[in-house]
């Protein structure tokens, strides 16, 4: 059934993270560097490429531009590291505000939530309550919630909470990381209700025991799981910027007789815009993961880790000050 090689929000633009990129993943957690970067106005141009702005109104403006091009969005409030439940409650309220306005501002948009931001590392039950509040609001206002998959340290709890809410909220989508060794078993564990998933390669620094670490192996597993998802799961989303993965999804869908509108491609804001437009012209659904907020540093460092060439631009902006 499964590819033999199987033995962030995350995403990856260039496969799994080889050794040089692991340093950048650690840099993403460095609070001293974060303080320097966030105070430096010269970093703003590169931040603006990958982050829609500091507030929800900025996100709505970016959404409107994408919608004009036929591209949907998934709103992502940045800020995964919370230390107090009050912060989780504030994030929940921010998301509720977005959900309540989706039909008026950008019908068809979704919200992507990180359970670490909703408090899973502080109080899993309170996290589940916050997620339920968002799901109830989404049901009331005709919106959809997508649950991001994060580092394996919270991955099992995230999947458990997702399974617990699935019977009452079957339209909720969850991110699944192709690089994780447990992923095939996780997907096979859904028996009664098949999940809507966003398949991504994975963008967190994981041990070799937990994850495939060779980029080629991850890509091959991604391609295998893409075809499997098209065969077995409802409305799958494919989070990738890899041309070879995009081509495999398109070819597999055609071979299986899956309509172009029965799945979607998802990409990151600021990445592969020409490809997004091309897919729209070809009749595919495209959704952009749209981050916004002031806590952009960890997110941006993961983007740098995925494509270190971008780091040069970032460093130049710091040196330029």
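The numbers here are math on the coordinates, done by the rules we state, and not lab data. What you are looking at is a predicted structure, and each value in this text was computed from that prediction instead of being measured. Glycine also receives a Cβ, built like all others from the backbone with ideal geometry; neighbour counts cover every protein chain displayed.
Can you classify the range 133-245 as rounded, prolate or oblate using the Cα gyration tensor, where a ≥ b ≥ c are the square roots of its eigenvalues, rounded means a/c under 1.5, and otherwise it's prolate if a/b beats b/c and oblate if not?
Working: a/c = 1.88, a/b = 1.56, b/c = 1.20.
It comes out prolate by the Cα gyration axes.
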In nanometres, what is the gap between the two model label sites at residue 207 and residue 136, each 7 Å from Cα along Cα-to-Cβ?
3.9
Which order do peptides 92-102, 133-143 fall in by mean Cβ count within 10 Å, highest first?
92-102, 133-143
Spin-label pair residue 103/residue 57, simplified geometry with 7 Å Cα→Cβ offset, distance in nm
2.5
Relative to the present Cα-Cα distance, how much length would full extension add between residue 129 and residue 67 at 0.36 nm per residue of separation?
19.1 nm
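Nearest 0.05, what FRET efficiency do residue 261 and residue 189 give at R0 = 30 Å with Cβ-Cβ as r?
0.60
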Give me the one-decimal nm value for the distance between modelled label points at residue 277 and residue 81, 7 Å along each residue's Cα-to-Cβ direction.
3.7
